[in-house]
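Undergrad: What follows is a structure written as structure tokens; I'll ask about it next.
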Amino acid sequence: MTKILRVAVIGAGRMGADHIQRLNTRIHGAEVAAVVDVDLARAQAAIEGIPGAVALADADEALNSGDVNAVLIATPGFLHEDILLKAIAKDIPILCEKPLTPDAESAWKIVEAEQKLGRKRIQVGFMRRFDAEYAALGKIIRDSELGELLMLHHQHRNPTTPAGFTNEMLINDSVVHEFDAIRYFTGEEITSVQVRLGKATRNAPAGQHDPQHVLIETESGVLADVEIYVNAKFGYEVATQASFEDGIVSIGGDKGAYTRSNGRWGGAVTPGFEERFGAAYDVEIQSWVDAALRDEIGGPTAWDGYATAACCEAGVEAQKNGEKVAVKLNAKPALYS
Ligand SMILES: NC(=O)c1ccc[n+]([C@@H]2O[C@H](COP(=O)([O-])OP(=O)(O)OC[C@H]3O[C@@H](n4cnc5c(N)ncnc54)[C@H](O)[C@@H]3O)[C@@H](O)[C@H]2O)c1
């Protein structure tokens, strides 16, 4: 059995660099063996101060190196499929940042490749499942503490979006997290998605309709809605209110010091996802490493990646036609039951 993970991190951008620091400073049982980025200078900067790590410009070189026995994929989503297939062929533990791949067809190819391998090797980076408040709400639902869960109301608000953030990306890059959260909370598949485009903010770039209201239904009829509002200016917020038969649970409000001064009261607004989910990323990656050392995975599966890709496809279609669009899923393979 592997004693320590020697991880190749592919992609040293915003998320990759964050995971490299995490692996190097806070995670037990794993070390950064290699950092790969087409921008070699970025890979070199990312390994600074990490003993025994090499910077490379080619993922194949890292995967074929005898010094690497696990891979963390943090390149843009459209590049995941190729690296995933190569890493599956190596039969090594894989942490793949969300999305697994950008569409259901390519995600299904990954599910099929893993099935052929015969064991789960891929954990998908849906980190919200590792957030303490998400876990607490998940437990209330699973233990039926407040009776049956009836509805979920989600708010997903960003201060602004990077250049090139398209209308489809509101679904594929943002609401994808709620698709996973709703599947995680309910333990059910999502059956349909509808998107309503109402009054839009003047602060959205051309071609982007913001905010949008996404209406979702699960197998047992739990209704969920998401306000996705990516140019909300005030700060970052990912919050959920869950309605049960016997109570209401809210998670995700701003936390921290409550200050009264100069005739005003208040606290600081969370600026971004790194601050909101920093601790969850740590728990996520530690869970991946601990499980990988037992030849298991410690979080969302390739099936979860495939199912959320199918929800995104339905969501993008619904954005365009305004209709309630059914989510189409292949039968779930026994490997994921
Ligand atoms: N879980 C989350 O909350 C979360 C948050 C942000 C991003 N992400 C995901 O993380 C991934 C990376 O996003 P990001 O924001 O860090 O992007 P980014 O653009 O900041 O970084 C991507 C990096 O990949 C490198 N790259 C491009 N092609 C490459 C190749 N062929 N081989 C090696 N490196 C290559 C780029 O040079 C860049 O450094 C995406 O899948 C994104 O959806 C997840």
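Undergrad: Convex hull over the alpha-carbon atoms of the chain: what's its volume per residue in Å³?
TA: Expressed per residue, the convex hull around the Cα atoms of the chain is 159 Å³.
Undergrad: Rounded to the nearest Å, what's the spacing between the alpha carbon centres of segment 75-131 and segment 165-229? Just the number, please.
TA: Between the Cα centre of segment 75-131 and that of segment 165-229, the gap is 23 Å.
Undergrad: So which trypsin sites (Lys or Arg not before Pro) in segment 108-191 pass both tests, a DSSP loop state and at most 12 other Cβ atoms within 10 Å of the Cβ?
TA: Arg119
Undergrad: Can I ask one more? Please report the antiparallel percentage of DSSP beta bridges with both residues in the chain, rounded to the nearest 5.
TA: Just about 50 percent of them are antiparallel.
Undergrad: Return the sequence-ordered ³J(HN,Hα) values of segment 206-212 in whole Hz as given by the Karplus equation 6.51 cos²θ - 1.76 cosθ + 1.60 applied to θ = phi - 60°, using x for Gly and Pro.
TA: For segment 206-212, the Karplus curve yields 4, x, 10, 9, 9, x, 10 Hz.
Undergrad: In whole angstrom, how far apart do the alpha carbon centroids of segment 1-57 and segment 233-306 sit?
TA: Here the two parts' Cα centres lie 24 Å apart.
Undergrad: Restricting to Cα pairs below 8 Å that are 6+ residues apart, what does the relative contact order work out to for the chain? Please round to a whole percent.
TA: Contact order relative to length: 20 percent.
Undergrad: Below 13 Å, Cα to Cα, which aspartates and glutamates can Lys120 reach? Residues fewer than 8 away in the same chain don't count.
TA: Asp91, Glu112, Asp295, Glu296, Asp304
Undergrad: Related question: About the Cα centre of segment 240-337, how large is the charge dipole given +1 on each Lys and Arg Cβ and -1 on each Asp and Glu Cβ? Please answer in debye to the nearest 20.
TA: So the magnitude is around 400 debye.
Undergrad: Next question, about the same structure. Got a sec to turn the phi values of segment 216-223 into Karplus ³J(HN,Hα) couplings, 6.51 cos²θ - 1.76 cosθ + 1.60 with θ = phi - 60°, whole Hz, x for Gly and Pro?
TA: These are the phi-based 3J(HN,Hα) values: 10, 10, 10, 3, 8, x, 5, 9 Hz.
Undergrad: Any lysines with Cα under 18 Å of the Lys116 Cα? List them, leaving off those in the same chain fewer than 8 positions away.
TA: Partners within reach: Lys86, Lys90, Lys332.
Undergrad: Let me ask you something else. Going through segment 278-337, which trypsin sites (Lys or Arg not before Pro) have at most 11 other Cβ atoms within 10 Å and a DSSP loop state?
TA: Arg294, Lys328
Undergrad: May I pose another question? Given H placed 1.01 Å from N in the peptide plane, which residues other than close sequence neighbours of Ala34 have an amide H under 5 Å from its amide H?
TA: Val7, Ala8, Val9, Val54
Undergrad: Right, another one. Between Gly125 and residues 5 or more places away or on another chain, which pairs have amide H atoms under 5 Å apart, with H built 1.01 Å from N, and which residues are they?
TA: Hits under the 5 Å cutoff: Cys96, Glu97, Lys98.
Undergrad: Also: Can you list the residues, at least 5 places off or on another chain, whose amide H is less than 5 Å from the amide H of Asn231, using H built in the peptide plane?
TA: Residues meeting the criterion, in which the H sits 1.01 Å from N, are Asn158.
Undergrad: Relative contact order for segment 225-337 using alpha-carbon pairs under 8 Å, separation at least 6, rounded to a whole percent?
TA: Worked out over segment 225-337, it gives 14 percent.
No value in this document is a laboratory result; all are computed from the given coordinates. All of these numbers come straight from a predicted model, not from anything done at the bench. Glycine gets a Cβ as well: all are built from the backbone with ideal geometry, and neighbour counts include every protein chain shown.
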